[in-house]
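Undergrad: Have a look at this one.
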Amino acid sequence: MEPITVKFPLRGDWTAGHTPAEKVPSHGVDVLGQTYAYDFLRVDWNKEGFIFHSKSSLRYFTIGVNVKDCFGYGEHIYSAVNGKVVVAKDGLKDHQWLHPIIDLLAVYARGAYVGLSSKPDLHKVIGNYIILKIEGFEAYAFFAHTRKGSIKVKEGEQITCGQHLADVGHTGNSTAPHLHFHIMDRVDLLNAKGLPCNFREYESFSNGSWTIKRNDMPAKRERIRVK
């Protein structure tokens, strides 16, 4: 299956925590149309260990850190496509405190809730989110975990590629502020199947320099940049 090529939905310096370039399904499951999903977050490249906050690792693993201390939180999310807003779900509060053990247990608990419930409230699991019908394709773009109150668009609104949609948040099943992005074949998340996508253009940092990549999928923990 040929991937759908879209514009990268963020600006600045990012990396992929999950990506179909590493494995498929990228999150280990096919549910909710996320077979080829990406998770993008911002980290401190001057520190070892994939650090996504400005505090010490000791603090994070003991008492935790505030969401406002996390890189990427509140950064703008832009539309990757031309299309139409079919779902715009806001109102869920961001998790204010991050701790690795507590967050991991919460992720498993919410996942079990979806698996066991006949009619799960997906908003609690995926956080605030937007679904766009992609112009020219029988496909939908999905943006999740957005910051409460940040969604700028309304259902039924026509969207142009590059338009500001919302901000990066920490809602739903999230262990750090990030953007979850994927393409799927229908708007119904419980029955959606994932579709592959790649990104029209971004820069990749390797061996001390930046290289332009086109129509490609970022690797896991690859340092990427879009101006």
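Readers should treat all values here as calculations from the given coordinates under stated rules, not as data from a laboratory. Everything numeric in this text was worked out from a predicted model, so none of it was measured. Cβ atoms come from the backbone with ideal geometry, glycine included; neighbour counts cover every protein chain shown.
Undergrad: Just to be sure I understand: of the beta bridges DSSP finds with both ends in the chain, what percent are antiparallel, rounded to 5?
TA: Values: 47 of 51 bridges.
Rounded to the nearest five, the antiparallel share is 90 percent.
Undergrad: Still on this structure, I have one more. Applying 1/(1 + (r/R0)^6) with R0 = 25 Å to the Cβ-Cβ distance of M1 and K47, what FRET efficiency is obtained, to the nearest 0.05? Can you show the working numbers first?
TA: On the way: r = 38 Å, r/R0 = 1.53.
For M1 and K47, the calculated efficiency is 0.05.
Undergrad: Could I ask something else about it? So, in nm, how far is label K154 from label N191 when the simple model puts each one 7 Å beyond its Cα toward the Cβ?
TA: A separation of 2.9 nm, rounded to one decimal place.
Undergrad: Under a cut-off of 17 Å between alpha-carbon atoms, report the lysines in cross-link reach of K23, not counting same-chain residues fewer than 8 places apart.
TA: K23 reaches K193, K220.
Undergrad: So if I place +1 on the C-beta of Lys and Arg and -1 on the C-beta of Asp and Glu, and nothing else carries charge, what would the dipole magnitude of the chain be about its Cα centre? I want it in debye, nearest 20. The partial results should precede the final answer.
TA: Details: 29 positive and 24 negative charges, 74 e Å.
Here the size comes out at about 360 debye.
Undergrad: Once you've got the Cα coordinates, tell me which of K124/K227; K47/K124; K154/K227 are over 31 Å apart.
TA: Values: K124/K227 33 Å; K47/K124 33 Å; K154/K227 26 Å.
K124/K227; K47/K124, as the Cα separations exceed 31 Å there.
Undergrad: Based on alpha-carbon atoms only, what is the radius of gyration of segment 150-227 relative to the globular estimate 2.2 N^0.38 Å?
TA: Details: Rg = 15.4 Å, N = 78, 2.2 N^0.38 = 11.5 Å.
After normalising by residue count via 2.2 N^0.38 Å, the value is 1.34.
Undergrad: Between V29 and L58, 0.36 nm times their residue separation minus their Cα-Cα distance comes to what? If you can, show how the numbers build up before the last one.
TA: On the way: separation 29, 0.36 × 29 = 10.44 nm, distance 3.19 nm.
Once the chain is fully extended between V29 and L58, it gains 7.2 nm.
Undergrad: Say R0 is 30 Å: what FRET efficiency, to the nearest 0.05, do I212 and A109 get from their beta-carbon distance?
TA: E(calc), rounded to 0.05, equals 0.10.
Undergrad: Same structure, new question: Report the longest stretch of the chain that contains none of the GluC sites (Glu not before Pro) sitting in a DSSP loop with at most 15 other Cβ atoms within 10 Å.
TA: Values: sites that count: E22, E48, E135, E138, E155, E157.
Here the longest run is 49-134.
Undergrad: OK, next. Compare the Cα positions of G156, A176, N215 along the charge dipole of segment 4-226 (+1 at Cβ of Lys, Arg; -1 at Cβ of Asp, Glu; about the Cα centre) and return the one farthest towards the positive end.
TA: Selected residue: A176.
Undergrad: Kindly put R223, R147 in sequence by how many other C-beta atoms sit within 10 Å of each C-beta, fewest to most.
TA: The fewest-first ordering by Cβ neighbours comes to R223, R147.
Undergrad: List the trypsin sites (Lys or Arg not before Pro) in segment 1-44 that DSSP assigns to loop (not H, G, I, E or B) and whose Cβ has at most 14 other Cβ atoms within 10 Å. Which are they?
TA: On the way: sites: K7, R11, K23, R42; in loops: K7, R11, K23, R42.
Passing both the DSSP loop test and the Cβ count: R11, K23.
Undergrad: Using θ = phi - 60° and the Karplus curve 6.51 cos²θ - 1.76 cosθ + 1.60, what whole-Hz ³J(HN,Hα) does each residue of segment 90-97 get, with Gly and Pro shown as x?
TA: Calculated HN-Hα couplings, in order: 10, x, 7, 5, 6, 5, 8, 10 Hz.
Undergrad: Cross-link partners among aspartates and glutamates for K213, C-alpha distance below 20 Å, same-chain residues fewer than 8 apart left out?
TA: Partners within reach: E2, D13, E22, D39, E201, E203, E222.
Undergrad: Same structure, new question: Which translational diffusion coefficient, to the nearest whole µm²/s, is obtained for segment 4-226 from the Stokes-Einstein equation, given a Kirkwood hydrodynamic radius over C-alpha pairs, 37 °C and 0.692 mPa s? Mind dumping the intermediate values first?
TA: Details: Rh = 17.6 Å.
Translational diffusion coefficient: 187 µm²/s.
Undergrad: At R0 = 45 Å, how high is the FRET efficiency between E138 and W97 if r is their beta carbon distance? Nearest 0.05 is fine. Show your work: numbers first, answer last.
TA: Working: r = 41 Å, r/R0 = 0.92.
Efficiency for this residue pair is about 0.65.
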